[in-house]
Amino acid sequence: MHLFEFVPVSQLAEGAPRHRRSIYRSAYLDIRLREESAQGSYDYDLIVIGGGSAGLACAKEAVLNGARVACLDYVKPTPTLGTKWGVGGTCVNVGCIPKKLMHQASLLGEAVHEAAAYGWNVDDKIKPDWSKLVQSVQNHIKSVNWVTRVDLRDKKVEYINGLGSFVDSHTLVAKLKSGDRTITAQTFVIAVGGRPRYPDIPGALEYGITSDDLFSLDREPGKTLVVGAGYIGLECAGFLKGLGYEPTVMVRSIVLRGFDQQMAELVAASMEERGIPFLRKSVPLSVEKQDDGKLLVKWKNTETGEEAEDVFDTVLWAIGRKGLVDDLNLPNAGVSVQKDKIPVDSQEATNVANIYAVGDIIYGKPELTPVAILAGRLLARRLYGGSIQLMDYADVATTVFTPLEYACVGLSEEDAVKQYGADEVEVFHGYYKPTEFFIPQKSVRYCYLKAVAERHGDQRVYGLHYLGPVAGEVIQGFAAALKSGLTINTLINTVGIHPTTAEEFTRLTITKRSGLDPTPASCCS
Ligand code: FAD
Ligand code: NA7
C-alpha cells in the first residue's frame, strides 16, 4: 500500500499496462483522499452541491464507502408564482414523478370513456377535478420529501438546506436561512441540475409559467399555449388535453429535436388527431394581461413574417432548461463552463482536480433521472470504493409520455444513416393494432414501430422505436437486449407474448427498402 503514497500518480501509471493504469490511479486517489481526511484538514471528505437524483445517489454511495459527506440543496422560488419545493430535486418535485402522475390521470380519463364500450355503465358527465388532482400529486411529493430526509439522516449524510457558492476550490459558503456557513472539503461534486428557461420577450416572466409551477397550480390551466415542442412541451400538452383543457403547441422549428424525426412527426400527428393544434414555425413576441385577467399572446411566423394573436388562460414556457451555474461562483474555484453547463471528462472530472460534476449540469449528456443516478453512484464508487467503472452514456432508453407514448433506445434512423451510410442501414418497420383498441374503436393510425439495423453481416440492431401504449414498459427490456448486442435474427426468432404490443417487435419482417405495405391485415396472422 505504501507504494501508492510516495510515488506521484503520473509516474505510477506510466509504464503500467494501459488497462492497469486507471486501477492504480483509482487506488492511489482513494488512499490519498482517506489520508488527507484522516489528518482532519477539511470539514468533510466530500461536499455534494445539489440534492436531486444525481447528488443524492452520489452522497449516499460515498457514505456507504466510508466518506464523511455533506449534501446541500436549495430551491429558488419561481419568478412568476414563487413556487418552491423540498429536497429531492427536479424529478421528484417538478419533473418525472408529477408529470407521470398527471399523465396517468389523463390516461384514466380516456380509459373511463373506453370502459363504456367494454360494458361498464359509466356516467357521461364524468370530469376531472384539477384541485383534487394537484392535492393528491402534492401529497405524494411531500411524502417523498419526508422519506428522502429520513433516508439521508439514517445514512449519515449531513443535509444542509443552503445555497452553495464557492470561495475557492476547497471552500464553500452555504447561504442558510440563519446566515452564512463556511465549509471545506477535499472533494466537491456539483450536481445542481437546471431550471426552465424563459424567453426574452415582454411579459414572459410576469405572466408565463413553466413546468416548475404547473404541477402545483392553484387554478385550472384552461386554454393553454405551450411554447416549445420538446419532450416537456409535448408531454404537458398531452396530459392537459386528456384532462379536458385546451392546449395549443407552438413549434419554433422541428418537433422533438434530437429524436428520430419520422417518429417525432408521428407523435405530433397523433396529438393533432386528438385535437391539439400545432402552430408551426412560430415564435412568441409578447404576453399582456387583459382587464379580464386573460393573457393576450402575440406571435410571428418565422417563414412568412406574418403576425398573429390569441387569448389564453395560461402560457407555459417549455423552451428548454438552463444549467444552474450562476450562483455557484465557479470562477472562484476555477471551474470552466460551456453554455450554462459544466464540461467533464469520462471520469466526470471538471478541469479542477478535486471538483467533479454529474447529472443534468454536465455538458452534452442526456438529461434523465436514471442517467443522473447511475453516474452519481458510479462516481462515488470510483472516488471512495476503489472502482474503475465509468458511466456509459450510450444507448440510454427513454420515453416521451405523450397520450400515445413514444419510447426508443439506440440510434435514430437519421443518426444511423449519418454514422454508417444509407446503403449500410436496414429499417424494419410496421404498423400494428393493439387488441385493446378494437372494442372502443380507438384510432390505430399511429401505432407504429421500427428497428434500425445493420444491413449486412449479423444485422446488429442500432435502434428500436415504438409508438403506442405503455411504451416505456415495452422498451425497457429491449434496451437490455440492444446493449447486449441484439441482432435482427435474434429479434425475429424470439417467441412473442400474445396478445401484447411488445410482441410486434418479434414480427418485424418488412423493410422500408422493400416498399411493401407495412400495414397489418389482422392482429394475429
Ligand atoms: P436536479 O434533480 O435538478 O437536482 C439539482 C438540485 O440542486 C435541485 O434541487 C436544485 O434546486 C439544487 N441546487 C441548484 N443550485 C444549487 C446550489 N447552488 N446550492 C444548493 N443546491 C442547489 N427524466 C426522466 O428520466 N424521465 C422522465 O420522465 C422525466 N420527466 C421530466 C419531466 C419534467 C417536467 C422535467 C423538468 C424533467 C424531467 N426529467 C425526466 C428529467 C429529470 O428530472 C432530470 O434529468 C433529473 O432530475 C436530473 O437530476 P439532477 O440531480 O442532475 O438535477
Ligand atoms: P428541449 O428538448 O430542449 O426542447 C425545447 C423546445 O423549445 C424545442 O422545441 C425548441 O425548439 C423550443 N424553443 C427553444 N427556445 C425557444 C424560443 N425562444 N421560442 C420558442 N421555442 C423555443 O427542452 P425540454 O424542456 O422539452 O426538455 C429538456 C429535457 O428535460 C429533456 O431532454 C428531458 O430529458 C427532460 P428548437 O428545436 O430549438 O427550434
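Observations, loosely collected:
- Taking Lys and Arg as +1 and Asp and Glu as -1, the other residues whose beta-carbon sits under 10 Å from that of VAL173 total +1.
- Over the chain, relative contact order from alpha-carbon pairs under 8 Å, at least 6 apart, %: 15
- Added length on full extension, which subtracts the Cα-Cα distance from 0.36 nm per residue, ILE497 to ASP327: 56.0 nm
- Order of CYS447, CYS71 - criterion: other Cβ atoms within 10 Å of each residue's Cβ, fewest first: CYS447, CYS71
- Cα gyration tensor category, rounded, prolate or oblate, for the stretch 204-319 with a/c compared to 1.5: oblate
- In the chain, a dipole from Cβ-located charges (positive for Lys and Arg, negative for Asp and Glu) runs towards its positive end, and of ALA480, TYR466, TYR198 it is ALA480 whose Cα lies farthest in that direction.
- The stretch 404-507: relative contact order in percent, alpha carbon pairs under 8 Å with at least 6 residues between: 31
- Put in order of Cβ neighbour count within 10 Å, fewest first, the listed residues THR80, THR350 become THR80, THR350.
- Distance from the Cα centroid of the stretch 277-352 to that of the stretch 191-225 is 10 Å (rounded to whole angstrom).
- Around ASP260: net Lys/Arg minus Asp/Glu count, Cβ-Cβ under 13 Å: 0
- Rounded to 5, the percent of DSSP beta bridges in the chain classed as antiparallel: 65
- Rounded, prolate or oblate (a/c below 1.5 giving rounded, otherwise prolate when a/b exceeds b/c) for the chain by Cα gyration tensor: oblate
- For the stretch 204-319, share of DSSP beta bridges that run antiparallel, in % to the nearest 5: 50
- Neighbourhood net charge (9 Å Cβ-Cβ; Lys/Arg +1, Asp/Glu -1) for GLY193: 0
- Shape of the stretch 298-413, Cα gyration tensor, a/c cut at 1.5: oblate
- The stretch 204-319, relative contact order [Cα under 8 Å, separation at least 6], %: 34
- Calculated mean residue ellipticity at 222 nm for the chain: -10000 deg cm²/dmol, from DSSP H runs with n ≥ 4 weighted as -39500 (n - 2.57), summed, divided by the residue count and rounded to 500.
- Between the stretch 54-129 and the stretch 462-525, the Cα center-to-center distance that results, in Å: 30
Any read-out appearing in this document is the output of simple, stated calculations on the displayed coordinates, not a laboratory observation. Being a predicted model, the structure only gives us computed values, none of them experimental. Note: ideal-geometry Cβ built from the backbone for every residue, glycine included; neighbour counts use all protein chains shown.
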